[in-house]
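A quick write-up on the structure given underneath.
The values are calculated or read from the model by the stated rules, or taken from the named source; none is laboratory data. For clarity, every value in this text was computed on a predicted model and none was experimentally measured. Cβ placement follows ideal geometry from the backbone for every residue including glycine, while neighbour counts extend to all protein chains displayed. What goes into the accessible areas is simple: the full protein's heavy atoms, side chains included, and nothing from ligands, DNA or RNA. Shrake-Rupley method; radii C 1.70, N 1.55, O 1.52, S 1.80 Å.
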Amino acid sequence: MKYTLDTIPVLDAYRTGCECPLCKMRIQSEDSYIDSMLGAAYMEPDCRVRTNEIGFCSRHFELMYDRRNRLGLALMTHTHMQEVIKSMEGILAGEMPKGGFLASFSRSKGGEETAPAKIRARIGGCVICDDLNNALNRYAYTIAQLYFTHTEFKQLFESSKGFCLPHLALVLEMAGKTLSAEQTKTFQKKVAEIEIENLKRVEGELEWFTLKFDYRNTDKPWGNSKDAVERGINKLMGAIVGEEAALPAHND
Ligand SMILES: [Zn+2]
Ligand SMILES: [Zn+2]
């Protein structure tokens with residue numbers, strides 16, 4: 001697969017000095033995809049073909065529901081539901097194995113998918129997740145490339161706070177796939193150094209958070225530990241709690 005460079009958002013995210021620049025770009029992309037989905041994209045036939053077929057995951061249905069455009073959401077949900085009903089007719093009635101209706105709900109011997117597996121697969125896709133994954137692959141690719149081609153980025157990268165662990169895996173994978181063997185080695189070494197140092201920093205901040213509950217430490221300063229629980233969880237799992245995970249406020 002060919003990836004393209006997307007330099008500006010990567011530089012902007014690194015300049016904020018955040019715990020994981022890929023999380024920062026994920027939140028920004030997610031916000032703009034939701035916006036455009038409910039803005040006008042759903043009126044475009046190409047987009048509608050995709051949303052009808054693929055639909056959305058629970059997170060993205062929820063985030064779209066939180067915005068005000070009920071008509072846009074209703075139109076997309078309606079025509080997606082029509083497609084899903086067509087699939088359900090096939091799954092529940094048309095493709096019953098010999099054992100009859102009940103047999104279609106247990107694992108079949110021929111290795112065919114059973115009805116429950118087909119139902120889960122039918123609702124397992126998400127247009128916004130697909131677009132986000134593509135964007136994040138592009139950003140991870142850009143990070144690996146810029147490290148060897150862009151002096152300012154190299155400096156930003158070397159003074160950065162590493163990544164959350166899911167994005168650490170993504171960046172290492174992308175580097176392995178797209179850099180030369182020698183570059184991959186250099187990049188991995190630098191990433192490992194930055195990551196371990198910053199995991200230990202957050203771990204220390206989290207420890208101080210717990211020690212602050214000891215009455216002997218009540219009057220001692222918090223340092224960077226006030227939001228250490230949020231940052232600890234987000235460093236492990238990607239931005240899911242607290243300010244780092246918050247989408248920009250909307251009054252639309
Ligand atoms: Zn991340
Ligand atoms: Zn999704």
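Trypsin sites (Lys or Arg not before Pro) within the range 141-213: which are DSSP loop residues with at most 15 other Cβ atoms inside 10 Å? Write down the numbers at each step before the final one.
On the way: sites: Lys154, Lys161, Lys177, Lys185, Lys189, Lys190, Lys200, Arg201, Lys212; in loops: Lys161, Lys212.
Counting only loop positions with at most 15 other Cβ atoms within 10 Å, none of the trypsin sites (Lys or Arg not before Pro) in the range 141-213 qualifies.
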Could you pull the accessible area for Ile119 with a 1.4 Å probe, rounded to 10 Å²?
50
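Per residue, how much accessible surface does the chain expose to a 1.4 Å probe? Answer in Å², no decimals.
Dividing the accessible area of the chain by its residue count gives 59 Å².
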How large is ³J(HN,Hα) for each residue in the range 30-37, as worked out from phi by the Karplus curve 6.51 cos²θ - 1.76 cosθ + 1.60 (θ = phi - 60°), to whole Hz, x for Gly and Pro?
4, 4, 6, 5, 5, 4, 6, 4
Probe 1.4 Å, all protein chains present, accessible-area order of Met64, Met81, largest first:
Met81, Met64
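Counting each DSSP H run of 4 or more residues in the chain as -39500 (n - 2.57), what helix-only mean residue ellipticity at 222 nm follows after dividing by all residues, to the nearest 500 deg cm²/dmol? All intermediate terms of the calculation are to be shown ahead of the outcome.
Working: 11 runs with 161 residues, N = 252.
That comes out to -21000 deg cm²/dmol.
Of Asp131, Asp35, which has the most accessible area and how do the rest follow, probe 1.4 Å?
Working: Asp131 40, Asp35 60 Å².
I get Asp35, Asp131, largest accessible area first.
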About the Cα centre of the chain, how large is the charge dipole given +1 on each Lys and Arg Cβ and -1 on each Asp and Glu Cβ? Please answer in debye to the nearest 20.
520
How big is the range 118-252 on each of its three principal axes, counting only the C-alpha atoms and giving the largest first in Å?
53, 45, 33
So if I take the centroid of the Cα atoms in the range 29-85 and the same for the range 198-220, what is the distance between those two points in Å?
43
Selected from Glu230, Glu152, Glu203 as most flexible by GNM, with the chain as the system and alpha-carbon contacts under 10 Å:
Glu152
The chain, Cα convex hull volume normalised per residue, Å³:
200
Determine the alpha carbon to alpha carbon distance for each of Lys24/Lys226; Lys154/Lys189; Lys154/Lys212; Lys118/Lys235; Lys2/Lys154 and list only those over 25 Å.
Lys154/Lys212; Lys118/Lys235
Across the chain: Cys residues that no other cysteine approaches within a C-beta distance under 4.7 Å
Cys18, Cys47
